[in-house]
Amino acid sequence: MSSPGSSVTTWEYLTAPVLIHSTQAILNNFGRDGWELVAVTTGASPEQLVAWFKRPVRG
């Protein structure tokens with residue numbers, strides 16, 4: 001429960017395809033923009049990966 005005067009973090013979310021041959025570069029680029037990796041799932045096919053990111057909404 002929040003106490004008076006405390007703030008609640010509001011999040012924004014992003015999903016993005018991840019190419020196997022450049023995974024590190026893709027994840028590092030999102031990280032530099034403040035995105036935190038939350039999960040990686042398969043897309044329409046098992047070979048297709050989708051990354052799920054979140055970051056606090058900027059005021």
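The values are calculated or read from the model by the stated rules, or taken from the named source; none is laboratory data. Note that the structure is a prediction, hence the values are computed from the model and not measured. Every residue, glycine among them, receives a Cβ derived from its backbone with ideal geometry; neighbour counts consider all protein chains shown. In case anyone asks, the SASA skips ligands and DNA or RNA and just uses the protein heavy atoms, side chains included. Shrake-Rupley method; radii C 1.70, N 1.55, O 1.52, S 1.80 Å.
Mind pulling the angle between the C-alpha long axis of helix 23-32 and the longest principal axis of the chain? Nearest 10 degrees, somewhere in 0 to 90.
Approximately 20 degrees, to the nearest 10.
With +1 on the Cβ of every Lys and Arg and -1 on the Cβ of every Asp and Glu, and nothing else charged, how large is the dipole of the chain about its Cα centre, in debye rounded to the nearest 20?
Dipole of the chain, to the nearest 20 debye: 160 debye.
Measure off, as a whole percent, the carbon and sulfur share of the 1.4 Å-probe accessible area of the chain, all protein chains present. Write out the running numbers ahead of the final one.
Details: 2630 of 4600 Å².
About 57 percent, which is the carbon plus sulfur part of the accessible surface.
With the other protein chains left in place, how much accessible area per residue, in square angstrom, belongs to the chain at a 1.4 angstrom probe?
Solvent-accessible surface per residue comes out at 78 Å².
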